[in-house]
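Written out below as structure tokens is the structure these notes cover.
Computed from the coordinates by the stated procedures, all read-outs in this text should not be read as laboratory data. Small disclaimer: the values here were computed from a predicted structure and weren't measured. Please note: Cβ atoms are built from the backbone with ideal geometry, for glycine as well, and neighbour counts cover all protein chains shown.
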Amino acid sequence: MLTPVTVSSNMVGSEFDSLMMQRCLQLARRALGRTSPNPLVGAVIVKDGEIVGEGFHPCAGEPHAEVFALRAAGEKSHGATIYVSLEPCNHYGRTPPCSEALIAAGVSKVVVGMVDPNPLVAGGGIARLRAAGIEVLVGVEEAACRQLNEGFIYRILHKRPLGILKYAMTLDGKIATSSGHSAWITNQEARSEVHQLRAACDAVIVGGNTVRYDNPYLTSHQQGSNNPLRVVMSRSLNLPENARIWEVAEAPTVVLTEVGSSPDFHKLLLEKGVEVLEFPSLTPEKVMTYLYERGFCSVLWECGGTLAASAIAQGAVQKILAFIAPKIIGGSHAPTPVGDLGFTTMTEALSLERVHWRVVGSDCLVEGYLSEKSH
Ligand SMILES: NC(=O)c1ccc[n+]([C@@H]2O[C@H](COP(=O)([O-])OP(=O)(O)OC[C@H]3O[C@@H](n4cnc5c(N)ncnc54)[C@H](OP(=O)(O)O)[C@@H]3O)[C@@H](O)[C@H]2O)c1
Ligand SMILES: [Zn+2]
């Protein structure tokens, strides 16, 4: 008698297919934070049950994952199966279409993680491959593929980068003491998670007060990993002359301000190698438009409550990551994660969906998405 195998109802493909797709995602992650405005993509070529070629997309302008995998496999691509985490492209961009390269190489089967999120081209690559007589299986490990590229998907669909608000608070809901001191609320493990998160983002934003009080580095503190562009929003430009964030050898910094604010300090920043940009009026919404135009997919808001409230109110935040430490600091005037949103009744509260609670060392991480209805 056959032993019944429990397979989750929405599982696509075999267990081996899942394993190979997970390998694609592992390869894709090697370029974490470096591919924007392009997605993270990995590819694996399998012949007679063995991996004969692997590849990933290293950065925009470089060949796609499939091309690297085909090069590595050489002649062995003929009659092989290729696994790729995103639908192969079918248009001439900076590189020729991967669909044509796969057809020319003579692969016999293509296993795709997720369909291209761009509604204008979605399904085109798959249709082209099928028209050439190649078997195509779609949707293996789809949820994991979508998760890895959530910033890219959001960018394509909304023409804005995905905004992630991250903060660390005490059990009584404070992000600093009444005097503004906040190092450290969370434990080392939670802080390492934040470093990894930064490595996956294109930019990290703080306001003037955070620079004045915390003097943060805002780097990913990991050898060889990506550092996001550090963005300071300051209307006043009343900022310290010496701050860690002005040291641009390790990571670049841009200060966004309003037209005409403090020309002397503006000049000093330029001399230090910090980029300075003036906006007629500086708002989170305008900043997100600017970062979209700069080609970014995911932006991390690491600001205090005043700027966070403004960012939420303007629809610049879609995802929340809240670290909660089992500590109590008190203080009637100690800052909280989100300033005034103008709400007066609980019925107005913004709700999170797809919420996950996770223990990180002695702290807790709550992760969720602001419901679309909220904006
Ligand atoms: N625990 C945590 O996770 C965490 C994280 C970050 C900060 N903090 C703490 O939070 C406190 C600072 O809080 P904060 O709310 O003042 O944060 P902030 O991140 O400094 O943001 C406020 C500043 O942003 C600038 N800004 C530019 N455009 C703005 C706009 N449209 N709306 C609002 N602000 C704009 C202003 O700078 P200018 O005044 O220069 O014009 C303003 O003072 C500090 O004590 C810090 O330690 C804690
Ligand atoms: Zn391609």
Worksheet, complete the sentence: In whole Hz, the Karplus estimates of ³J(HN,Hα) for the stretch 110-120 (6.51, -1.76, 1.60; θ = phi - 60°; x where Gly or Pro) are 10, 10, 10, x, 9, 6, 4, x, 6, x, 6
Worksheet item: the stretch 18-50 to the stretch 232-297: how many Å between their Cα centroids?
Response: 35 Å
Worksheet item: How long is the chain along each principal axis, judged by its Cα atoms, biggest number first, in Å?
Response: 67, 55, 37
Practice prompt. Wrap a convex hull around the Cα atoms of the stretch 160-370, take a quarter of its surface area, and give that in square nanometres.
Written response: 12.0 nm²
Worksheet item: Of the beta bridges DSSP finds with both residues in the chain, what % are antiparallel, to the nearest 5?
Response: 40 percent
Worksheet entry | At q = 0.09, 0.21 Å⁻¹, base-10 log of I(q)/I(0) for the stretch 1-138 (Debye sum, equal scatterers on each alpha carbon) | -0.25, -1.30
Worksheet item: Taking every pair of alpha-carbon atoms in the stretch 216-329, what share in percent sits in each 10 Å bin, from 0 to the bin with the longest distance?
Response: 12, 41, 36, 11, 1
Worksheet item: Once you list every other residue whose beta carbon is under 11 Å from the beta carbon of P326, what net charge do they have if Lys and Arg are +1 and Asp and Glu are -1?
Response: -1
Worksheet item: For the residues C303, C24, what sequence is obtained by ranking on other C-beta atoms within 10 Å, fewest first?
Response: C303, C24
Worksheet item: Of G124, L307, T283, whose Cα points farthest to the positive end of the dipole of the chain (charges on the beta-carbon: +1 Lys, Arg; -1 Asp, Glu; origin at the Cα centre)?
Response: T283
Response to the item:
When F265, F279, F16 are ranked with the fewest other C-beta atoms within 10 Å first, the list becomes F16, F279, F265
Item to complete: Specify the longest stretch of the chain that does not include any exposed loop site, a site being one of the trypsin sites (Lys or Arg not before Pro) with a non-H, G, I, E, B DSSP assignment and at most 11 other Cβ atoms within 10 Å.
Response: 160-375
Worksheet item: Expressed as a whole number of Å, what is the distance separating the alpha-carbon centroids of the stretch 128-146 and the stretch 194-225?
Response: 37 Å
